[in-house]
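**Q** Quick one: the structure is below, and I'll ask about it shortly.
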Amino acid sequence: MRTPRLLPAAVALVLVGTAAGVTVWRPWEGSADASSGPGGITISRSQCGQGWTDPKAGRQTIVVHNTGSAAAEVDLVEIGSGKVYGEVEGLGPNTSAPMDVQLGAGKYAIRCLIEDTDPITGPTVTLTGDAVAGAAAVPVTKNDMLPLVKRYEASVASGVAALAAKTDKLRADVGAGELAAARADWLGAHLAYNSLGAAYGAFGDFADRIDGPDAGFHPLEKGLWHGAPAVVLKPVADRLAAAVHGLQADLPNEQVDPDDLGLRAHEIMENALQFELTGENDQGSGTSLNTALANLNGTATVLAILDPVLEPRYPELPQVRKWEARVRTLLTAHQNTPVNQLNRTTREQLNGAVGQLLEVLAPVATLCEVRRG
């Protein structure tokens, strides 16, 4: 599983803002809008949230201005519920940024999260009127995520143990010159690795040694499906098994970042779209769609563990389940079919379904992000 190309931060945030209803703006540092616009609401250690002089319900653009000397994150929160209705990240010193929000009647405040400083909540502002509030994100805390991370780490430990057993069998087959059996066992072991999902970001150098472009599963696949003799393949299989056992031994030292669970839910399938549905990773086995299905299983595992956090926060979760099921149906129907043998209609259906799944998965990372406050 290659480490995926991350989406540019600004693009990812725009997607999240659109889908989740929490509008997130990146600061326009040095732009005319930032330098010539009004000072707006002050963000600093001594004057957090000062200057909200025209409180009103409804759709509005609020300008926040960092007058301090350190970068800050700015949240507009509802008092009592703690719901976040707007957010600006990475607001540099002497920089302004707009925050587009839809607010109903109620009590709100600006919360300033400044580097090396505890969260500061500004003055409470009371809004009146008949406008209906837009969607908001209920903040996720470290206490919300830690039990889920523990569940996921336990799942990964079980998965790596199964992977080690499969790679041992693969190594034994290659060592015995049983290459037909090795091809079958290669697929089982490779799918076991690719179903591990969100954990791969925590695997460090082991990830490249197990499934990098020049080591582990990929060169072994190439040799097994292109007639390489067992004597050539044996060192490759030995190194692969050694790397898996090294990972298993080191696993207690590997930590899954709580924020990675939500982030990887999207990236696993982005990775599948980029490398598996294009056939780019195929070294001769013709099993890219099997691998994509294993990636989907990894995504499903992550989503099931995140369900307690997502269920009350993400109204589009049924759409995630709908498109996950659609992608699963398509991949299952075409397992063991090389990508280059799919007809145009099938490829369009697969790409379209995975694209829709990625769209509804995009907000998951922000909704599951651990927030200070």
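Here, each number is a calculation from the coordinates, and none is a lab measurement. Treat the numbers as computed from the prediction; the structure is a model and nothing was measured. Note that each Cβ is placed from the backbone with ideal geometry, even for glycine, and that neighbours are counted across all protein chains shown.
**Q** Isolated Cys in the chain by the 4.7 Å beta carbon test?
**A** Flagged as lacking a Cys partner: C368.
**Q** In addition: Between R344, R183, R59, where does the largest GNM mean-square fluctuation fall for the chain, given springs only between Cα atoms within less than 10 Å?
**A** R344
**Q** Taking 0.36 nm per intervening residue step and subtracting the Cα-Cα distance, what contour gain separates H245 from A105 on full extension?
**A** Details: separation 140, 0.36 × 140 = 50.40 nm, distance 5.81 nm.
Extra length from H245 to A105 when fully extended: 44.6 nm.
**Q** Could you work out how much longer the chain between D130 and Q356 gets when fully extended? Use 0.36 nm per residue separation minus the Cα distance between them, nm to one decimal.
**A** Length gained between D130 and Q356: 77.9 nm.
**Q** How far, in degrees from 0 to 90, does helix 317-333 lean away from the longest principal axis of the Cα atoms of the chain, to the nearest 10?
**A** Helix 317-333 and the main axis of the chain meet at about 20 degrees.
**Q** Name the most mobile residue of N194, N297, N143, meaning the one with the largest mean-square fluctuation, in a Gaussian network model of the chain with Cα contacts below 10 Å.
**A** The residue with the greatest mean-square fluctuation here is N143.
**Q** Could you work out [θ]222 nm for the chain from helices alone, using -39500 (n - 2.57) per DSSP H run of at least four and dividing by all its residues? Round to the nearest 500 deg cm²/dmol.
**A** Working: 12 runs with 179 residues, N = 373.
Result for the chain: -15500 deg cm²/dmol, rounded to the nearest 500.
**Q** Full-extension gain between D118 and A71, please, as 0.36 nm times their residue separation minus the C-alpha to C-alpha distance.
**A** 15.6 nm
**Q** Tell me, what is the FRET efficiency for N336 and A161 to the nearest 0.05, using R0 = 25 angstrom and their Cβ-Cβ distance as r?
**A** Efficiency for this residue pair is about 0.40.
**Q** What's the magnitude of the charge dipole for the chain around its Cα centre, counting Lys and Arg as +1 and Asp and Glu as -1 at the beta-carbon? Answer in Debye, nearest 20.
**A** Approximately 620 debye in magnitude.
**Q** Which of I43, I120 comes first, and how do the rest follow, when ranked by fewest Cβ neighbours within 10 Å?
**A** On the way: I43 31, I120 19.
Ascending Cβ contact count within 10 Å gives the list I120, I43.
**Q** Moving on. Rounded to the nearest 0.05, what FRET efficiency do V231 and R347 have when you use their Cβ-Cβ distance and R0 = 41 Å?
**A** Calculated transfer efficiency: 0.60.
**Q** Another question about this same structure. Looking at the calculated P(r) for the range 214-373, what percent of the C-alpha pair distances fall above 28 Å?
**A** On the way: 4365 of 12720 pairs.
Percent of Cα pairs beyond 28 Å in the range 214-373: 34.
**Q** To the nearest 10 degrees, how steeply does helix 230-250 sit against the main Cα axis of the chain, on a 0 to 90 scale?
**A** The angle comes out at about 40 degrees.
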